[in-house]
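This report concerns only the one structure given below.
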Amino acid sequence: MKSTVLSKKRRLKENIASYLFITPWLLVFGVFVAYPFVYGFVISLFDFDLVKQTFIGLENYKNLFSDEMFINSILATLKMCAIIIPGTIIFSLWVANTIHNRRKSLQSFTKVVFYLSAIVSEVALVIVWQWIFNPGYGLSATITDALKMPRIDWLGDVNFALPLVSYLVLAFTVSQPIVLYGAAFNNIPDTYYEAARIDSASQWKQFTKITLPLIKPTTTFVLITTTIGSLQVFMVPYLLTAGGPADGTTSILLMIFRNAFEYGKYGYAAAMGVILFIIIAIFAFFQFKATKSDVQY
């Protein structure tokens, strides 16, 4: 009986110590994440601007679903996701698989080269792309002139502008997945591949039957984080196309920014933020559910 009491006291002390260690993180999370989220939801129920704050209930949410621009921003964001998410996973997998079993120095060099895009400012990348695809004096104009082809207004046509925005986002999105996949590939024991080669398994069979199943937890993480990042695209469409042409590259986050800081509709913008949170939560939930067994593997 005495030993049980002592054991409970010891466990209580350990729990208190554990909570003390995470208290700073909980304070930061509460102040900078939990409170802003709750406050944002509250003001989404108001006609909230710099002059007045009038409670209107769910009126902002009703107006959202009849707002053609907001619906278009959702569709534009989903179109970008359709390019960015599979493109990120396929390209980073290809790079990681290509450099696998190469010299360590070559692997490290390749990872550094691709990771540079994550270090370079998005603003700098956008400026370079604006110069490349400027139809008047850009590199693309020089190339089309040399080939005796008509110049293309890359950023003035939504059929070109939306893929360009997506590819630029993809350019600095692939950096982290390449590093993660590289680490996952290196953690697979060579004995699995040796056994497969003894059984005369092809390179493709080794990749699909050994590599892919063993890196699925990494793929799950990359899939979810890339989806969350893609649904929150803002900087590139804001600077590269300003959401144009004809609002064809206006993302949800860009719509939120405009309504809050250009139009002063803070309650309406907060309602958009809540909808964006719900969309991200739904995507993450179903992606995690679809790969739950893989994570537990």
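So here's what we get for this one:
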read-out	value
Whole-Hz couplings from phi, Karplus 6.51/-1.76/1.60, listed for the range 69-74; x for Gly and Pro	5, 5, 4, 5, 5, 5
Residues whose placed amide H lies under 5 Å from that of N134, excluding near-sequence neighbours	L139, S140
Among F109, F172, F221: highest mean-square fluctuation, GNM of the chain, C-alpha pairs under 10 Å	F109
By average C-beta atoms within 10 angstrom, highest first, the peptides 173-181, 63-71, 253-261	173-181, 253-261, 63-71
Check: the range 63-291 dipole with +1 on Lys, Arg Cβ and -1 on Asp, Glu Cβ, in debye	740
Sulfur and carbon atoms: percent of accessible area, the range 14-75 [1.4 Å]	74
With 10 Å bins from 0: P(r) over the range 1-155, alpha-carbon pairs, percent	8, 13, 19, 23, 19, 12, 4, 2, 1, 0
Where the range 1-159 is the region considered: accessible area per residue in Å², 1.4 Å probe	71
Calculated [θ] (222 nm, deg cm²/dmol) that DSSP helices of n ≥ 4 give over the chain, each run adding -39,500 (n - 2.57)	-22500 deg cm²/dmol
Cα gyration tensor shape for the range 144-288, rounded if a/c is under 1.5, else prolate or oblate	oblate
Computed over the chain: relative contact order in percent, which uses C-alpha pairs under 8 Å that are six or more apart	28
Peptides 15-23, 152-160 ordered by average Cβ neighbours within 10 Å, highest first	152-160, 15-23
Members of K79/K111; K104/K216; K216/K265 lying beyond 32 Å, as alpha-carbon distances in this model show	K216/K265
Probe 1.4 Å, protein heavy atoms only - accessible area per residue of the range 204-284 in square angstrom	40
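The values are calculated or read from the model by the stated rules, or taken from the named source; none is laboratory data. Here the structure is a predicted model, which means the values were calculated and not measured. All Cβ positions, even for glycine, are placed from backbone atoms using ideal geometry, and neighbour counts span all protein chains on display. Side chains included, ligands, DNA and RNA excluded: accessible areas come from the protein's heavy atoms. Shrake-Rupley method; radii C 1.70, N 1.55, O 1.52, S 1.80 Å.
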